[in-house]
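S.K.: Before we start, here is the structure in question, set down as structure tokens.
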Amino acid sequence: MPSAPDSVPAAPGSPLAGNMAWVPDGSFLMGSEEFYPEERPVREVRVEGFWMDVHPVTVAEFRRFVKSTGHVTLAERAPERTEYPDADPELLVPGSLVFRASRGPVDLRNVGNWWSYLPDASWRCPEGAGSDVYTRARHPVVHVAYEDAQAYAAWAGKALATEAEWERAARGGLERKRFAWGDDFAPDGRMMANTWQGEFPWQNLLLDGYAGTSPVAAFPPNGYGLHDMTGNVWEWTSEHFHHEPGPAPCCAPAQPGAHIPRQVIKGGSHLCAPNYCLRYRPAARQGEAIDTSTSHIGFRCIVRPSRDGSPDHV
Ligand SMILES: [Ca+2]
């Protein structure tokens, strides 16, 4: 086994290279035939070993990146009219998609019943103007688009995982299990991830204690020592999503611009509920437009060893 994660030297300007866990190389069965079509078929896939952040990138970590680089996230910039010629001019302002629970049962075919484009929503103000993250420093950062995740990874000397790497890591060494911890959603009644219990999008029973995001590592790690691989926030991967005709994505809002490339996001979020989007599982996947940020999508990074065994900084 390669040297311990804490031997990964810090990349220039990055204090973040520690706090990673080793995911061993090997073959695993990727996908699932039990749930949604896009997860099929189950196939054997081999990945090389790598280090992975033990939890999603937090607000505090992202803040360090922004302070160091001056990075301005996509949500904090006004969309260009030329990019969105058909858009309502009132929506061409900085902002992001924010979830709002409905008052009662709604048509689940219309994601507009719970997603709103909120001006001024960003990683600093997750619920728009007037909101803040003062009490959420250890929550996953949200309202980050794909380019923001890529920029962070480059700064940290890391990379985003491929879908296979991500799913291998999420399974934690278990084979053909529904969840990152086994087949039983709540073993001995214990909640293992931040999901949605009750009828989405109006009745959140909060059996896991959290309505929105939760502090990272509030739930037990999987077999590789990784927290929050499923639930809490969806995570960007480096995998391009090949669109196939079929039902629109559910808990990840579809965007009007069909020309916008999509990336695979993994892991499900605190909004995934059994009655609507049972995607808090390693095999679950959705395509998300690269220009989209939301209150339930974040990311984490990996470091791949180089061929001589030392960390390979990207
Ligand atoms: Ca929850």
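The values are calculated or read from the model by the stated rules, or taken from the named source; none is laboratory data. Note that the structure is predicted; figures quoted are calculated from it, not measured. Neighbour counts run over all protein chains shown; Cβ positions are idealised from the backbone, glycine included. All accessible areas refer to the heavy atoms of the entire protein, side chains included, with ligands and DNA or RNA removed. Shrake-Rupley method; radii C 1.70, N 1.55, O 1.52, S 1.80 Å.
S.K.: Relative contact order for the chain: what percent, with Cα pairs under 8 Å and sequence separation of 6 or more? Numbers along the way, then the final one.
M.R.: Details: 710 pairs, mean separation 70.4, N = 314.
Result for the chain is 22 percent.
S.K.: Among residues other than Ala284 whose Cβ falls under 14 Å from its Cβ, what is the net charge (Lys/Arg +1, Asp/Glu -1)? Display every interim value, and only then the final one.
M.R.: Working: positive: Arg40, Arg171, Lys177, Arg178, Lys266, Arg279, Arg281, Arg285; negative: Glu33, Glu34, Glu38, Glu39, Glu163, Glu167, Glu235, Glu239, Glu288.
With Lys, Arg at +1 and Asp, Glu at -1, the net is -1.
S.K.: Between Pro89, Phe99, Met229, whose Cα lies farthest towards the positive end of the dipole of the chain when Lys and Arg beta carbons carry +1 and Asp and Glu beta carbons carry -1, centred on the Cα centre?
M.R.: Met229
S.K.: In whole Å and largest first, what semi-axes does the C-alpha gyration tensor of the chain yield when each eigenvalue is scaled by 5 and square-rooted?
M.R.: Working: eigenvalues 158, 116, 72 Å².
Three semi-axes, in Å: 28, 24, 19.
S.K.: Right, next: What percentages, rounded to whole numbers, describe P(r) for the stretch 44-176 computed over all alpha carbon pairs with 5 Å bin width beginning at zero?
M.R.: Here the calculated profile for the stretch 44-176 is 2, 8, 15, 16, 16, 15, 14, 9, 4, 1.
S.K.: On to the next question. Can you list the GluC sites (Glu not before Pro) in the stretch 132-221 that are in a DSSP coil and have 12 or fewer other beta carbons within 10 angstrom?
M.R.: Numbers: sites: Glu147, Glu163, Glu165, Glu167, Glu175, Glu199; in loops: Glu175, Glu199.
Of the GluC sites (Glu not before Pro), the ones in loops of the stretch 132-221 whose Cβ has at most 12 other Cβ atoms within 10 Å are Glu175.
S.K.: Could you calculate the contour length gain from Glu44 to Ala217, that is, 0.36 nm times the residue separation minus the distance between their Cα atoms, to one decimal place in nm?
M.R.: Values: separation 173, 0.36 × 173 = 62.28 nm, distance 2.96 nm.
Full extension from Glu44 to Ala217 adds 59.3 nm.
S.K.: Let me see the P(r) profile for the stretch 14-89: every Cα-Cα distance counted, bins of 5 Å, each bin given as a percent of all pairs.
M.R.: Values per bin, smallest distances first: 3, 11, 11, 11, 11, 12, 14, 16, 10, 2, 0.
S.K.: How large a share of the accessible area of the stretch 19-116, in percent, is made up of carbon and sulfur atoms when the probe is 1.4 Å and the other protein chains stay in place? Working shown, then result.
M.R.: Working: 2630 of 5280 Å².
The C+S portion of the solvent-accessible surface of the stretch 19-116 is 50 percent.
S.K.: Using 1/(1 + (r/R0)^6) with R0 = 30 angstrom and r between the beta carbons of Thr69 and Leu91, what's the FRET efficiency to the nearest 0.05? Could you put the intermediate results ahead of the total?
M.R.: Details: r = 28 Å, r/R0 = 0.92.
E(calc), rounded to 0.05, equals 0.60.
S.K.: Under a GNM of the chain (C-alpha, springs under 10 Å), which listed residue has the highest mean-square fluctuation: Ser295, Ser68, Ser116?
M.R.: Among Ser295, Ser68, Ser116, the largest mean-square fluctuation in the Gaussian network model of the chain belongs to Ser68.
S.K.: Considering the chain as a Gaussian network with a 10 Å cut-off on Cα pairs, which listed residue, Ala161, Ala218, Ala21, attains the greatest mean-square fluctuation?
M.R.: Answer for the Gaussian network model of the chain: Ala218.
S.K.: Still on this model: Once the whole set of protein chains is in place, how much accessible area is left on Ile290, using a 1.4 Å probe, in Å² to the nearest 10?
M.R.: Roughly 50 Å² of Ile290 is accessible to a 1.4 Å probe.
S.K.: Need the full-extension length gain, Ser131 to Glu199, defined as separation in residues times 0.36 nm minus the C-alpha distance. One decimal, nm.
M.R.: Working: separation 68, 0.36 × 68 = 24.48 nm, distance 2.63 nm.
Taking Ser131 through Glu199 to full extension adds about 21.9 nm, to one decimal.
S.K.: Using the Cα atoms of the stretch 84-150, I'd like the radius of gyration and the largest Cα-Cα distance, Dmax, both in angstrom.
M.R.: Cα radius of gyration and Dmax of the stretch 84-150 are 13.8, 38 Å respectively.
S.K.: Okay, next question. Any chance you could look up the accessible area of Thr230 with a 1.4 Å probe, heavy atoms only, rounded to 10 Å²?
M.R.: That residue has around 10 Å² of solvent-accessible surface.
S.K.: So, R0 is 51 Å and r is the distance between the beta-carbons of Arg103 and Asp25; what FRET efficiency does that work out to, to 0.05?
M.R.: On the way: r = 50 Å, r/R0 = 0.98.
After rounding to 0.05, the efficiency reads 0.55.
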